[in-house]
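Have a look at the structure below before the remarks.
The values are calculated or read from the model by the stated rules, or taken from the named source; none is laboratory data. The shown structure was predicted, so the numbers you read here are calculated from the model rather than taken from an experiment. Cβ coordinates were reconstructed from backbone atoms using ideal geometry, including for glycine residues, and neighbour counts include every protein chain displayed. Side chains are part of the model used for accessible areas, which takes the heavy atoms of the whole protein and leaves out ligands, DNA and RNA. Shrake-Rupley method; radii C 1.70, N 1.55, O 1.52, S 1.80 Å.
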Amino acid sequence: MIAKIVLDKKREGHALGSAEIREFIEGFTAGRIPDYQMSALAMAICCRGMTERETADLTDAMRRSGKCLEWSEITADKHSTGGVGDKLSLIIQPLAAACGVCVPSLTGRGLGITGGTADKLETIPGYSCSQSLARFQEIVRTVGVSMAVQTDEITPADKKLYALRDVTGTVASIPLIVASILSKKLAEGAGTLVFDVKTGKGAFMKTREDAAALAHALVDGARAAGRKAAALVTSMDAPLGRAVGNANEVAEALAILRGDAPEGGGPMTELSVEFAALMVSLARDLSLDEARALCRERLADGQACAKFEAMVAAHGGDLARFESLLGRPTFKFRIQAMRSGHVTAIDAEKVGRVALALGAGREQAGDRIDPLAGVTLAVGVGDRVAVGEPLATLERSTDPEGLERAATDLFRAFEIAPEVVTPRPLILEVIS
Ligand code: URA
């Protein structure tokens, strides 16, 4: 029986053959190989690892478990491993589209402290991320960008396997993570893939070394599959920007797209331009400097914002109703500095946990989220504060109970000290 041979082989640390991997994944997808054997293989892979070739075979087998899209247009997509306050996709994808690249972006819903782009977008009244693949393709072709959720037709093997990994302690394995992320991105069909691999307190990859290893593996895997690829390893010690939640993050991204953000959006704008420029330079064979200049121009002249608005409309969203949603009354609680000094750290994980507890995220798949729940920071790392000045506001739509307790937890996320600190650069490593 093939499953038993494969399990014995991997348990003993041997490399599996391409056909063995393909047959195992085909059997699992079709239900011939039961969950317990797949879980055993996932655990053996966690403990024994996989060679680059095995990882590529696993990725390919998972990609082929469902439909694979093909595009005649120039296409690119950016994938983030997720972080607290990470709303950059909302800026980057329309920005790349405004620079002449079609962006088919199948994105995820949030689980745990890292939010999901789909949940953020669906706070825009009417916006639906659940589109048929045909409609998704039509929006990409007509508007230039679509951000929708992965349907059951794309990589069903990954969907089944991820659910098992989540409950069998087998998430933390680079070959399994690479196969999971890449199979979906390859099936989506974009010719260029750019990865944002986050590291730090609020990220899935806690150490820079692990993040760099994952970034290299993703880029190598994408190139081996015939795609152009690059990655940035970026810091996720402090939340990205000021908003952590859903609707408040969309509002922050919209302000950058509209050119209304304080200080031009600061590091968030810089990072968005960098990612979009990588996509555009690879996809359109431009130099990185040319692509950066084009991205800055498209952000400044409103074309990136126009792409975002057109994408929202194509998905049924109504931005005028979104503005009224933002004006809806909520329960709020403000925390303030108890001492004067400089903000030396804001722990992204702690802020993410508070936002989750307020209802901005899901503890379990299927939980309902409160679109207006979240945290809005009043300060960033490096800012000076005096006693009594605001540090952050917590917000939720219902149930004021728990706000005060969450506020105590949020307060612990801030470090204030006499010394001046300069925020560290967000980009830690470039793999291009
Ligand atoms: N994201 C995924 O899609 N898969 C993983 O395995 C980890 C993060």
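Let me spell out the model: positive unit charges on the Cβ of Lys and Arg, negative unit charges on the Cβ of Asp and Glu, origin at the Cα centre of the stretch 327-417. What dipole size does that give, in debye rounded to 20?
With Lys and Arg at +1 and Asp and Glu at -1, about 140 debye.
Given labels modelled 7 Å from the Cα in the Cβ direction, how far is it in nm from residue 288 to residue 18?
3.3
Please work out how much length the chain gains when fully extended from residue 153 to residue 209, using 0.36 nm per residue of separation minus the C-alpha to C-alpha distance, in nm with one decimal.
Here the answer is 16.7 nm.
Can you pull the Rg over Rh of the stretch 76-322, Cα-only, Kirkwood?
Reported Rg/Rh (Cα atoms, Kirkwood Rh): 0.93.
Rounded to whole Å and sorted largest first, list the principal axis extents of the Cα atoms in the stretch 327-417.
Taking max minus min along each principal axis of the Cα atoms, the stretch 327-417 gives 41, 26, 22 Å.
Take the solvent-accessible surface of the protein heavy atoms, probe 1.4 Å, and return the percent of it on the stretch 327-417 that carbon and sulfur atoms account for.
Using a 1.4 Å probe with all protein chains present, the stretch 327-417 comes out at 47 percent carbon and sulfur.
Going 7 Å from the Cα of residue 11 toward and past its Cβ, which residues in the stretch 22-63 have a backbone nitrogen under 11 Å from where you end up?
Only 40-41, 44 pass the distance filter.
For the stretch 273-432, what is the Kirkwood hydrodynamic radius in Å, using each pair of distinct C-alpha atoms?
18.9
Using only the alpha carbon atoms of the stretch 2-49, find the Kirkwood hydrodynamic radius as the inverse mean reciprocal pair distance, in angstroms to one decimal.
10.5
Using only the Cα atoms of the stretch 202-335, build the gyration tensor, take square roots of its eigenvalues as a ≥ b ≥ c, and label the shape rounded, prolate or oblate: rounded if a/c is under 1.5, else prolate if a/b is larger than b/c, else oblate.
Oblate, since a/c reaches 1.5 and b/c is not below a/b.
With the other protein chains left in place, how much accessible area per residue, in square angstrom, belongs to the chain at a 1.4 angstrom probe?
Per-residue value: 41 Å².
So, how do all the Cα-to-Cα distances of the chain break down into 10 Å bins, in percent, from 0 on up?
Going from the shortest bin to the longest, the percentages are 5, 22, 31, 26, 13, 4, 0.
If one computes the Cα centroid of the stretch 242-293 and of the stretch 194-210, what distance in Å separates the two points?
Centre-to-centre distance over Cα atoms comes out at 20 Å.
Kindly provide the helix-only [θ] at 222 nm of the chain, computed as the sum of -39,500 (n - 2.57) over DSSP H runs of four or more divided by all residues, to the nearest 500 deg cm²/dmol?
-14500 deg cm²/dmol
As a test, work out the antiparallel percent of DSSP beta bridges whose residues both lie in the chain, rounded to the nearest 5.
Of the beta bridges lying entirely in the chain, close to 55 percent run antiparallel.
What lysines does residue 10 reach when the alpha-carbon gap must be under 25 Å and sequence neighbours fewer than 8 apart in one chain are set aside?
Hits, sequence-local ones excluded: 159, 160, 184.
Whenever you get a sec, compute what percent of the accessible area on the stretch 2-49 sits on carbon and sulfur atoms (1.4 Å probe).
Summing carbon and sulfur atoms, their accessible area is 55 percent of the total for the stretch 2-49.
Can you send over the carbon and sulfur percentage of the accessible area for the stretch 99-165, probe radius 1.4 Å, protein chains only?
53
Place +1 on the Cβ of every Lys and Arg and -1 on the Cβ of every Asp and Glu in the chain, take the dipole about the Cα centre, and give the residue among 175, 88, 317 whose Cα lies farthest towards its positive end.
Positive-end residue among those listed: 175.
Starting with the highest mean, order 220-226, 99-105 by the number of other Cβ atoms within 10 Å, averaged over the residues of each peptide.
Ranked by mean Cβ neighbours within 10 Å, highest first: 99-105, 220-226.
What residues from the stretch 160-199 fall in the zone where the backbone N is under 15 Å from a label point 7 Å along the Cα-to-C-beta line of residue 35?
Correct set: 160-170.
At 7 Å along Cα-to-Cβ for each site, give me the label-to-label distance between residue 430 and residue 417 in nm.
For residue 430 paired with residue 417, the spin-label model returns 3.0 nm.
Relative contact order of the chain, please, whole-number percent, based on alpha carbon pairs below 8 angstrom and at least 6 residues apart.
20
Normalise the Cα radius of gyration of the stretch 1-109 by 2.2 N^0.38 Å (N = residues in it) and let me know the number.
Ratio of Cα Rg to 2.2 N^0.38 Å: 1.39.
Only four residue types carry charge here, +1 at the Cβ of Lys and Arg and -1 at the Cβ of Asp and Glu. Report the dipole size of the chain about the Cα centre in Debye, rounded to the nearest 20.
That gives the chain a dipole magnitude of about 520 debye.
State the answer as a single residue: which of 143, 277, 193 lies farthest towards the positive end of the charge dipole of the stretch 76-322, with beta carbon charges of +1 for Lys and Arg and -1 for Asp and Glu, about the Cα centre.
Farthest along the dipole direction, towards plus: 193.
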